[in-house]
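The values are calculated or read from the model by the stated rules, or taken from the named source; none is laboratory data. The shown structure was predicted, so the numbers you read here are calculated from the model rather than taken from an experiment. Using ideal geometry, Cβ is built from the backbone for each residue, glycine included, and neighbour counts are taken over all protein chains shown.
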Amino acid sequence: MSTANQRVVDHYDSVYLTRDCFNQDNRPYRAFITALVRKAGIPLGSRVLDAGSGQGYLSRYLSDCGLNVWCSDISEAGLRSLDRYDSVFRGKRIVADMLSPPFDAGFDLVFQRSCSLFNTAQPGKSAEVVERLADCVKVGGVLCVVYNTNLSGRGDVWFNHTLATFRSAFATSRLSDVQIYALNKVDTVAFGSYSFNPVMTLVNVVLSKFVHRSFEIVVLARRCA
Ligand SMILES: C[S@@+](CC[C@H](N)C(=O)[O-])C[C@H]1O[C@@H](n2cnc3c(N)ncnc32)[C@H](O)[C@@H]1O
């Protein structure tokens, strides 16, 4: 394993072994995932990969939507946290570096939220991550990347991407119907899947100039080749 990856593993292993890290066991994130699955049009029973699943809060919400969810993360400790969901993820947890994914293109939906792989100021690196995630999506399936950011284009420990970074990272001929949104944490509680629209995105971009709280960039794209 590279030194950079080992640093990531050491960091997340130590965090995951001591506490519930992202505190996403809450109503806004459940509403967010439910709205996202509806917006993406993913049918019940679809095969889904949560790539960089961490402690699996969002994997569980995806599973609660009736999806057949597989979890992968570079941190084994993160995947072990999924024991708390009993048998839901039994046999469906894989320790993997998503830059060399051990999967074929077998998933109807590949979902990723705030994976450290996008935590970089170098646009070329983000484009490479998109390609590797797209490798795991069936032709006709959906790739969904969500990234926690204040939309400023700055950051030290966590890089706060703008919409433009993701627009260029998704500019590959293997993906079509690329849609990019900016949401805040409560949009989907109030408006469900209607939150994914250009007006709401514009409102949140403007809001981000005044309110330095977290937003989520959401990218949806269909694998076409
Ligand atoms: C900020 S956490 C987000 C976890 C989860 N997606 C969530 O939203 O709660 C980032 C996760 O990305 C994982 N990660 C970082 N680099 C990775 C890589 N190269 N391959 C797979 N997972 C990676 C980390 O181990 C960590 O669990």
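Some values worked out for this structure:
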{"item": "Residues of segment 38-80 classified as within 25 Å of Phe191 (Cα to Cα), in contact (Cβ under 8 Å) with a residue 40 or more places away in the chain and part of a helix (DSSP H, G or I), total", "result": "5"}
{"item": "Close pairs (6 angstrom Cβ cut-off, 6 or more residues apart or separate chains): closer than 17 Å to Ser114 by Cβ and of a type in the set (Val, Ile, Thr) in segment 13-36, modelled with pLDDT under 85 and within 12 Å of the ligand (Cβ to nearest atom) anywhere", "result": "Val15/Cys21"}
{"item": "Whichever residue in segment 126-154 is of a type outside the set (Gly, Ala, Ser) and free of Cβ contacts under 8 Å to residues at least 60 places away in the same chain and, among such residues, is surrounded by the fewest Cβ atoms within 10 Å (Cβ to Cβ)", "result": "Arg154"}
{"item": "Residue in segment 31-40 that is in contact with a Phe, Trp or Tyr (Cβ under 7 Å, 6 or more places away or on another chain), closer than 19 Å to Ala105 by Cα and either at pLDDT 95 or above or of a type in the set (A, V, I, L, M, F, W, C) (or both) present", "result": "no"}
{"item": "Residues of segment 155-209 that turn out to be part of a strand (DSSP E or B), of a type in the set (A, V, I, L, M), in contact with a Ser or Thr (Cβ under 8 Å, 6 or more places away or on another chain) and surrounded by 21 or more Cβ atoms within 10 Å (Cβ to Cβ), as a count", "result": "2"}
{"item": "Given (1) buried (at least 20 other Cβ atoms within 10 Å of the Cβ); (2) part of a helix (DSSP H, G or I), index of the condition Asp83 fails", "result": "(1)"}
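Yes/no matrix, rows are residues, columns are (1) under 15 Å from the mean Cα position of the chain (by Cα); (2) more than 16 Å from the ligand (Cβ to nearest atom); (3) modelled with pLDDT of 95 or more:
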| residue | (1), (2), (3) |
| --- | --- |
| Asp86 | no, yes, no |
| Ser114 | yes, no, no |
| Ala134 | yes, no, yes |
| Val142 | yes, yes, yes |
| Leu151 | no, yes, yes |
| Tyr181 | yes, yes, yes |
| Lys185 | yes, no, no |
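Yes or no, residue by residue, for (1) more than 10 Å from the ligand (Cβ to nearest atom); (2) surrounded by 15 or more Cβ atoms within 10 Å (Cβ to Cβ); (3) of a type outside the set (S, T, N, Q):
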residue	(1), (2), (3)
Leu17	yes, no, yes
Ile33	yes, yes, yes
Arg38	yes, yes, yes
Leu44	yes, no, yes
Asp50	no, yes, yes
Gly54	no, yes, yes
Ser63	yes, yes, no
Trp70	yes, yes, yes
Asp73	no, yes, yes
